[in-house]
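Written out below as structure tokens is the structure these notes cover.
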Amino acid sequence: MQAATTTVNGGHIVYDAEQGGKVHAHVFTPSYWRTRDALSESLGGRGAAWRITTDDIDWVLRFYRRGGLPGKLILDRYFFTGLEASRPWREWRLLAQLFERGLPVPRPVAARVLRAGFGYRGALITATVPGTSLAAHLNEGNVHHDIWRATGRCIRRFHDVGVWHADLNANNILVTSDADVHLIDFDRGRIRPQDTAWREANLARLQRSLHKIAPRPDQREMLDKGWAELRAGYAQ
């Protein structure tokens with residue numbers, strides 16, 4: 001993978017040079033894909049993410065959105081301090097690095113920073129990972145012990161090379177039909193020095209998200225057993 005950059009219509013774009021012939025400013029516009037019947041489905045609230053499929057591409061287009069109270073006031077603007085410091089640029093470069101190292105992440109296609117005064121709006125395009133989230137599996141009540149163990153092994157691979165996932169939760173863990181596990185959404189993620197504390201904090205965040213999805217007392221035993229399997233896979 002070779003990073004290339006361009007500026008089109010005021011937008012700064014970093015992209016995989018192997019995808020260069022397909023990357024233009026309009027690929028970040030849902031209406032462009034809608035007129036071509038390529039906008040398959042919305043993957044997030046407030047129009048934050050879309051799946052795009054044609055005969056030769058299968059992408060996810062995601063727009064950066066603020067959460068919580070700030071998101072109600074300023075939905076999609078961020079203070080600009082330079083391209084390399086912007087969230088789309090940093091996530092694209094991190095994904096490219098991890099993908100090149102063979103870690104199970106979506107292949108990054110392109111990212112865009114669109115300047116607006118002192119701020120910017122951002123978007124990211126990645127290849128689609130054909131899987132179902134761990135959260136969906138939990139809601140269906142069919143998380144096999146092999147999936148728990150594979151999830152633990154997957155997280156350990158990232159931790160062993162110092163990857164800290166800023167939002168490690170059950171929605172950002174995808175399980176394929178072959179029970180392979182991928183991590184997605186590396187916004188604000190980074191490489192950190194090896195330290196047990198942040199690893200455990202990362203796992204604790206995931207555990208909290210699992211209990212939010214399956215909070216009932218009758219689900220607690222299932223989660224406890226599943227978590228034990230996940231930790232066993234992590235220990236491997």
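The values are calculated or read from the model by the stated rules, or taken from the named source; none is laboratory data. All values derive from a computational prediction rather than experimental measurement. Cβ atoms come from the backbone with ideal geometry, glycine included; neighbour counts cover every protein chain shown. Accessible surface is based on the protein model in full, side chains and every heavy atom, while ligands, DNA and RNA are left aside. Shrake-Rupley method; radii C 1.70, N 1.55, O 1.52, S 1.80 Å.
The table that follows gives values for the structure above.
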| quantity | calculated |
| --- | --- |
| Within the stretch 118-135, tally of residues that are closer than 30 Å to Ala85 by Cα and either open to solvent by less than 60 Å² (accessible area, probe 1.4 Å) or among the polar types (S, T, N, Q) (or both) | 11 |
| Verdict on Asp218 being within 19 Å of the chain's Cα centre (by Cα), surrounded by fewer than 18 Cβ atoms within 10 Å (Cβ to Cβ) and of a type in the set (D, E, K, R) | no |
| The stretch 167-191, residues that are within 10 Å of the chain's Cα centre (by Cα), assigned to a strand (DSSP E or B) and in contact (Cβ under 8 Å) with a residue 60 or more places away in the chain | His182, Leu183 |
| Residue that is least open to solvent (accessible area, probe 1.4 Å) [pool: residues in the stretch 182-198 that are of a type in the set (A, V, I, L, M, F, W, C) and in contact with a Leu (Cβ under 7 Å, 6 or more places away or on another chain)] | Phe186 |
| So Ala135, is it modelled with pLDDT under 95 and either touching a Gly at 6+ places or on another chain (Cβ under 8 Å) or under 30 Å from Asp76 (Cβ atoms) (or both) | yes |
| Selection status of Ala150, in a helix (DSSP H, G or I), within 19 Å of Leu206 (Cβ to Cβ) and free of Cβ contacts under 8 Å to residues at least 12 places away in the same chain | no |
| Pair list, Cβ under 9 Å, 6 or more apart: the stretch 16-41 residue under 19 Å from Tyr64 (Cα atoms), other residue charged (D, E, K, R) and open to solvent by 20 Å² or more (accessible area, probe 1.4 Å) | Ala25/Arg112; Val27/Arg112; Phe28/Arg112; Leu39/Arg51; Glu41/Arg51 |
| Per-region count, the stretch 102-117, residues part of a strand (DSSP E or B) and either surrounded by fewer than 18 Cβ atoms within 10 Å (Cβ to Cβ) or of a type in the set (A, V, I, L, M) (or both) | 7 |
| Hits in the stretch 1-24 (condition: open to solvent by less than 20 Å² (accessible area, probe 1.4 Å), over 19 Å from Leu98 (Cα atoms) and not small (Gly, Ala, Ser)) | Ile13, Val23 |
| Enumeration of residues in the stretch 136-166 that are touching a helix residue (DSSP H, G or I) at 6+ places or on another chain (Cβ under 8 Å), surrounded by fewer than 18 Cβ atoms within 10 Å (Cβ to Cβ) and small (Gly, Ala, Ser) | Gly141 |
| Lone unmet requirement of (1) in a loop (DSSP other than H, G, I, E, B); (2) surrounded by 12 or more Cβ atoms within 10 Å (Cβ to Cβ); (3) of a type outside the set (Asp, Glu) for Gln207 | (1) |
| Flag if Val27 is assigned to a helix (DSSP H, G or I), on the phi < 0 side of the Ramachandran plot and either at pLDDT 95 or above or open to solvent by less than 70 Å² (accessible area, probe 1.4 Å) (or both) | yes |
